[in-house]
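Participant: Take a look at this one; I'll ask things after.
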Amino acid sequence: MDKIQVLFQPFRLKSLELKNRIVMAPMTRSFSPGGVPASNVADYYVRRAEDEVGLIVSEGTVVNRPASSNDPDIPHFYGEKPLSGWKAVIDRVHAAGGLMAPQLWHMGVVAPKDTGWLPLAPFEGPSGYVAPGRIGGVAMTESDIAGTIQAFAQAAAESKALGFDAVEIHGAHGYLIDQFFWHPTNQRTDGYGGRTLAERARFAVELIRAVRKAVGPDFPIGLRISQWKLQDFAARLATTPQEMEAWLVPLVGAGVDIFHCSQRRFWEPEFTGSDLNFAGWAKKLTGKSTITVGSIGLSGDFLNAFQGESSTPSALDELLRRYDRGDFDLVAVGRALLADAGWAQKIHEGRSGELVGFNKEALASLL
Ligand SMILES: Cc1cc2nc3c(=O)[nH]c(=O)nc-3n(C[C@H](O)[C@H](O)[C@H](O)COP(=O)(O)O)c2cc1C
């Protein structure tokens, strides 16, 4: 059997039955004016469903808080029109044979976009910091925190009601939930702050618990996490396996079924003394399923891609070596699938000569 076929084995997690191990990574596209995903957005996801992607994770879609977004073209996951847009997306993805989870998002304190557009309320986060030492919004009150947890729970309930197959909570990359995890942006002195990562995880634990309550025991909940932040690519939350365990195990207790461990390059070891990557450690420490991600099938990483660097297709041998060892269950692919809806099918059928790579121009439209 061609080695790649191992990625085309089914995967089961509670009510979710995937036909293969390929996940489309969540990618913000900003093609939903007024927060409403229309038929062009549905068409884009349907093309991936038709071409064998096992699980599509949507672009980040924001929850119902006055300042959960800095961009009016990013889809909402609340309100009648956006939700009926999402209903059409999931119905059409299902009709095309695909499965899909929305990625629920609150940006926290972020810089405004170049357009100058601002939400109706100030950006909110644990302590108002947009980056270490730099205030860019307000510190959330306990009632803001409760309202935000409620907004995530509501969105998760909507995703199940609309017919989505799972839900992913965006806890990575320096946005709201990660701002609570990260000490430089979480300087709170109440029960949501603290000296240790485990203490600063309380917000996420309560949020996941509320999401679990909203969706019931069988609906899969994913949590995306990262060490790196957009504010600091070299940042690390957990510096030892012990810290990682103290961070993740309570999140499992709260209801996480699968950790989506975001790295820029999947082959980079997480701690010295072992070549296990982030997803490998998360799986080893929690016993839960994990998704790996980061430059799969491409020569360059995604932050360099934003600087204009093109990436060419690259071999999957190292990915398969780690997968065969049982380091992770699923593999998420970002830019390669953004640029080419047919990526999964091409690798399945061994048509590697037809892979197209990625360059920044692919971002200009929904291919
Ligand atoms: C255009 C673009 C938008 C992205 N938006 C999101 C997002 O909304 N949520 C998220 O968790 N990650 C986002 N990411 C990160 C990707 O999910 C992924 O982790 C990253 O691109 C690395 O995978 P790749 O090397 O296969 O592209 C985005 C990446 C790109 C290129």
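The values are calculated or read from the model by the stated rules, or taken from the named source; none is laboratory data. These numbers were taken from a predicted model, which means no experiment stands behind them. No Cβ is skipped: glycine too gets one built from the backbone with ideal geometry, and neighbour counts run over all protein chains shown. SASA here: full protein model, heavy atoms, side chains in, ligands and nucleic acids out. Shrake-Rupley method; radii C 1.70, N 1.55, O 1.52, S 1.80 Å.
Participant: How large, in percent, is the carbon and sulfur part of the accessible surface of the stretch 115-230 at a probe radius of 1.4 Å?
Facilitator: Roughly 56 percent, rounded to a whole number.
Participant: Take the eigenvalues of the Cα gyration tensor for the stretch 243-282, scale each by 5, and report the square roots as semi-axes in whole Å, largest first.
Facilitator: Each semi-axis is the square root of five times an eigenvalue, giving 21, 12, 6 Å.
Participant: A further question follows. Highest GNM mean-square fluctuation, the chain, Cα pairs closer than 10 Å: which of Gln242, Gln154, Gln231?
Facilitator: Highest fluctuation among the options: Gln242.
Participant: Also, I was wondering about something else. Hey, how many Å between the Cα centroid of the stretch 269-341 and the Cα centroid of the stretch 342-360?
Facilitator: The stretch 269-341 and the stretch 342-360 have Cα centres spaced 16 Å from each other.
Participant: From the square roots a ≥ b ≥ c of the eigenvalues of the alpha-carbon gyration tensor of the stretch 259-299, which class results: rounded (a/c under 1.5), prolate (a/b over b/c), or oblate?
Facilitator: oblate
Participant: Where does the chain land at 222 nm, in deg cm²/dmol rounded to the nearest 500, when only DSSP H runs of n ≥ 4 count, each adding -39500 (n - 2.57), divided by all residues?
Facilitator: Per the formula, -9500 deg cm²/dmol.
Participant: Skip the ligands, DNA and RNA, and give the accessible area per residue of the chain with a 1.4 Å probe, whole Å².
Facilitator: 38 Å²
Participant: For Lys113 and Arg134, compute 0.36 nm times the residue count separating them, minus their Cα-Cα distance, and round to one decimal in nm.
Facilitator: Residue separation times 0.36 nm, minus the Cα-Cα distance, leaves 5.9 nm.
Participant: Quick one: order Asp73, Asp257 from most to least accessible surface, probe 1.4 Å.
Facilitator: Of Asp73, Asp257, the descending order of accessible area is Asp73, Asp257.
Participant: Decide, for the stretch 230-322, between rounded, prolate and oblate: order the square roots of the alpha carbon gyration tensor eigenvalues as a ≥ b ≥ c, take rounded if a/c falls under 1.5, and otherwise choose prolate if a/b is larger than b/c, else oblate.
Facilitator: Prolate shape, in that a/c is at least 1.5 and a/b is the bigger ratio.
Participant: Let me ask another. How large is the convex hull of the Cα atoms of the stretch 194-348 per residue, expressed in Å³ as a whole number?
Facilitator: 136 Å³
Participant: Also, I was wondering about something else. Can you pull the percent of the stretch 248-334's accessible area that's carbon plus sulfur, 1.4 Å probe, other chains left in place?
Facilitator: 51 percent
Participant: Label Lys81 and Ala315 with points 7 Å out from Cα along Cα→Cβ: what is the distance between them in nm?
Facilitator: 5.1 nm
Participant: P(r) for the stretch 128-273, please, calculated from all Cα pair distances in 5 Å bins and given in %.
Facilitator: Once binned at 5 Å, the Cα pair distances of the stretch 128-273 give 2, 9, 19, 22, 20, 15, 9, 3, 0, 0.
Participant: Using a 1.4 Å probe, how large is the accessible area of Met24, given in Å² and rounded to the nearest 10?
Facilitator: Using a 1.4 Å probe on the heavy atoms, I get roughly 0 Å².
Participant: Under 23 Å between alpha carbons, and skipping anything fewer than 8 positions from Lys284 in its own chain: which lysines qualify?
Facilitator: Lys14
Participant: Keeping every protein chain in place, order Asp324, Asp301, Asp275 by accessible area at 1.4 Å, biggest value first, i.e. largest first.
Facilitator: Ranked from most to least accessible, the order is Asp324, Asp275, Asp301.
Participant: Just by accessible area at a 1.4 angstrom probe, what is the order of Asp2, Asp114 from largest to smallest?
Facilitator: Ranked list, largest accessible area first: Asp114, Asp2.
Participant: On alpha-carbon atoms, Rg over Rh for the stretch 1-120 using Kirkwood Rh?
Facilitator: Looking at the stretch 1-120, the ratio lands at 1.04.
Participant: Can you report the principal axis dimensions of the stretch 309-353 using only the alpha carbons, biggest first, rounded to whole angstrom?
Facilitator: 29, 26, 15
Participant: Can you tell me the Rg and the Dmax, both Å, for the Cα atoms in the stretch 267-361?
Facilitator: Looking at the stretch 267-361, its Cα Rg and Dmax stand at 14.1, 40 Å.
Participant: Taking N as the number of residues in the chain, what is its alpha-carbon radius of gyration divided by 2.2 N^0.38 Å?
Facilitator: Ratio of Cα Rg to 2.2 N^0.38 Å: 0.92.
Participant: Just the number: Rg to Rh for the stretch 189-234, Cα atoms, Kirkwood Rh, two decimals.
Facilitator: Reported Rg/Rh, Kirkwood definition of Rh: 1.07.
Participant: Using r as the Cβ-Cβ distance of Lys284 and Glu354, and R0 as 41 Å, what FRET efficiency do you calculate, to the nearest 0.05?
Facilitator: According to the calculation, E is roughly 0.65.
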